[in-house]
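**Q** Below you'll find the structure I mean.
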Amino acid sequence: MIVADPRADFQPLIESAYMGIPTIAFCDTDSPLSNVDIAIPCNTKNRKAIGLMFWLLAREVGYLKNEIGRDKEWDVAIDLFLHKDLTDKNKQAIKEKDAAEDEAEPSAAVDTRKRINEDDDDEDDEEDDAEEAKKWTNK
């Protein structure tokens, strides 16, 4: 079993020790090493550093299986090992959608909408004036 941070993943480490499953852990300088069989020193405080370490570990496993060579560049991107927050994707998609709508909307349609809104405001003003006149005449 491979663990990204022994401090955060202590429960799987305890359970793997009960079952006799060997564990590999990426460890920072302050990480506890109880129930860890192989410790790989690295920065575990940064998501990108952990993604890079998983990418390097996967590359080394491929090398040990003779799937890739040391002289060849590995065609797997590091981005595949990094977590991407969905909210960032959603925000970006909304911005792109708004930009596309703004570009697709002709200026004549905008002018027409403005005129319609102005006409609506005039009607609201007339209704307000009529209601106010009724209040003054009833008193």
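Coordinate-derived values only; no laboratory data. The shown structure was predicted, so the numbers you read here are calculated from the model rather than taken from an experiment. As a convention, Cβ positions derive from the backbone with ideal geometry for all residues, glycine included, and neighbour counts pool all protein chains shown.
**Q** Under 5 Å between amide hydrogens, which residues at least 5 positions from CYS27 or on another chain qualify, with H placed 1.01 Å from N in the peptide plane?
**A** ILE40, CYS42
**Q** Let me ask something additional. Quickly rank 25-34, 62-71 as a protection proxy: mean count of other C-beta atoms within 10 Å, highest first.
**A** Packing order, densest peptide first, comes out as 25-34, 62-71.
**Q** If you take the beta carbon distance between ASN66 and MET1 as r and set R0 to 30 Å, what does 1/(1 + (r/R0)^6) give as a FRET efficiency, to the nearest 0.05?
**A** 0.80
**Q** I would also like to ask the following. So how far apart, in nm, are the two label points at ILE78 and LEU33 if each is 7 Å from Cα heading toward Cβ?
**A** Going by the 7 Å Cα→Cβ label model, 2.7 nm.
**Q** How much FRET efficiency would the formula 1/(1 + (r/R0)^6) give for GLU15 and ARG47, where r is the Cβ-Cβ distance and R0 is 22 Å, rounded to 0.05?
**A** Calculated transfer efficiency: 0.35.
**Q** Additional query: Below 14 angstrom from the Cβ of LYS45, what's the summed charge of the other residues (Lys, Arg +1; Asp, Glu -1)?
**A** 0
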